[in-house]
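J.: One structure, pasted below without further comment.
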Amino acid sequence: MIQELSIINSTPKIRRPLKQGRFGNPLLSRKQVERCVELLAESISNYYCSMANGGDDVVFLTVMHGGKTFSSDLAPLCASQPAPSLKDPGYRSWYASYRVVDRYIDIKSYDGQIRGEPVVMASDLTRENLAGKRVLLIDDICETGNTIVETIQFIRKLCRYSQQDIDRLVRTVTFLWKPECPSQSLRPDWYGYRTSMHFLSGYGMDSKDGSCRQLPAIFIDDNRQSMVKKPSWAFRFDQSETGSPINRSQKPR
Ligand SMILES: O=P(O)(O)OC[C@H]1O[C@H](OP(=O)(O)OP(=O)(O)O)[C@H](O)[C@@H]1O
Ligand SMILES: Nc1nc2[nH]cnc2c(=O)[nH]1
């Protein structure tokens, strides 16, 4: 405590005004981002708590590098949701009834704004640390869905899973989803906001020169400002639709 105070007291005050960056107003403010992550965390946590096998591991698989910021906001909130078995509504259990295990996969599909085939660069996944476990795949944005599909294929090969295993164990969440993408192969199980086909930066998403990932809000990073539509609030895990990342005809389990 004393240590913390001395650090705070010695932090120099920033007196210079911040320069206006190249972006205008954010498409999504920091406040909107934070609120949305909280709601996603609540829904995701309820889902995994309802799986009822208290103490199960759920592998939070972050798709690097874009998914890193969203994942590090989401995971602590998911790990501190009220467990549904606790009757007292005022009580927030510190730990949910499942254990979150962090893993990553580094997969690249874009060079700047140019889309290519997704390539797995690195990962800390092994058959031993993954097989039989529930997986939540976490990424910043889903446009074609190819990155997520490729990651699921990677898991499938590694663990020698059938399609039924994938349907039972693997779920996906992205902060943003672009439903208008013409070559789309997947809709994430959970998403925060739907957005139109602009190239976006911030909150994990890089600009074409590789910068801007660290921006706390989300900005439009192309020249089509006049066409800007605010993204519609569309967070959900829709029980009446798919629970399965690939086979959309099946209901969630
Ligand atoms: O749905 P898709 O069309 O596959 O696009 C989504 C992917 O594109 C971006 O990754 P990118 O390949 O730019 O790598 P990065 O995460 O390192 O930025 C983003 O972070 C998603 O992973
Ligand atoms: N940075 C970034 N990466 C993407 N990958 C797919 N869509 C996008 C986007 O809008 N921004």
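The values are calculated or read from the model by the stated rules, or taken from the named source; none is laboratory data. These numbers were taken from a predicted model, which means no experiment stands behind them. Each accessible area value is taken on the protein alone, full model and side chains, heavy atoms only, with ligands, DNA and RNA left out. Shrake-Rupley method; radii C 1.70, N 1.55, O 1.52, S 1.80 Å.
J.: Amide H neighbours of Cys142 under 5 Å, at least 5 residues apart or on other chains, H built in the peptide plane: list them.
T.: Under 5 Å from the amide H of Cys142: Leu176, Trp177, Lys178.
J.: Per residue of segment 31-43, what does 6.51 cos²θ - 1.76 cosθ + 1.60 with θ = phi - 60° give for ³J(HN,Hα)? Whole Hz please, x for Gly and Pro, Karplus curve as stated.
T.: 4, 5, 4, 4, 4, 5, 4, 4, 5, 4, 4, 5, 5
J.: To the nearest 10 square angstrom, how much accessible area does Arg99 have with a 1.4 angstrom probe?
T.: Surface accessible to solvent at Arg99 totals approximately 140 Å².
J.: Of Lys31/Lys108; Lys68/Lys108; Lys133/Lys157, which pairs sit farther than 18 Å apart, going by alpha carbon to alpha carbon?
T.: On the way: Lys31/Lys108 29 Å; Lys68/Lys108 14 Å; Lys133/Lys157 15 Å.
Beyond 18 Å between Cα atoms: Lys31/Lys108.
J.: Here's something else I'd like to know. Compute the Cα gyration tensor for segment 21-70, then decide on rounded, prolate or oblate, letting a ≥ b ≥ c be the square roots of its eigenvalues: rounded whenever a/c is under 1.5, prolate when a/b is larger than b/c in the other cases, and oblate in all that remain.
T.: Details: a/c = 5.78, a/b = 2.05, b/c = 2.82.
It comes out oblate by the Cα gyration axes.
J.: Amide H of Asp56 versus every other amide H placed in the peptide plane: which residues, excluding those fewer than 5 positions away on the same chain, fall under 5 Å?
T.: Counting only residues 5 or more places away or on other chains, the set is Arg99.
J.: So, one more: How much of Lys178 can a 1.4 Å solvent probe reach, expressed as accessible area in Å² and rounded to 10?
T.: We get 10 Å² for Lys178.
J.: Residue by residue, what Karplus-based ³J(HN,Hα) values in Hz, rounded to whole numbers, does segment 64-79 have, using 6.51, -1.76 and 1.60 with θ = phi - 60° and x for Gly and Pro?
T.: Whole-Hz 3J(HN,Hα) from phi for segment 64-79: 7, 8, x, x, 4, 5, 4, 4, 6, 7, 6, 4, x, 6, 5, 7.
J.: Let me ask something additional. Full extension from Ile114 to Asn129: what is 0.36 nm times the residue separation minus their Cα-Cα distance, to one decimal in nm?
T.: On the way: separation 15, 0.36 × 15 = 5.40 nm, distance 3.37 nm.
Net length gain for the segment: 2.0 nm.
J.: Which far-off residues, 5 or more places away or on another chain, put their amide H under 5 Å from the one on Ser123, with H placed in the peptide plane?
T.: Those lying under 5 Å, H to H, from Ser123 are Asp106.
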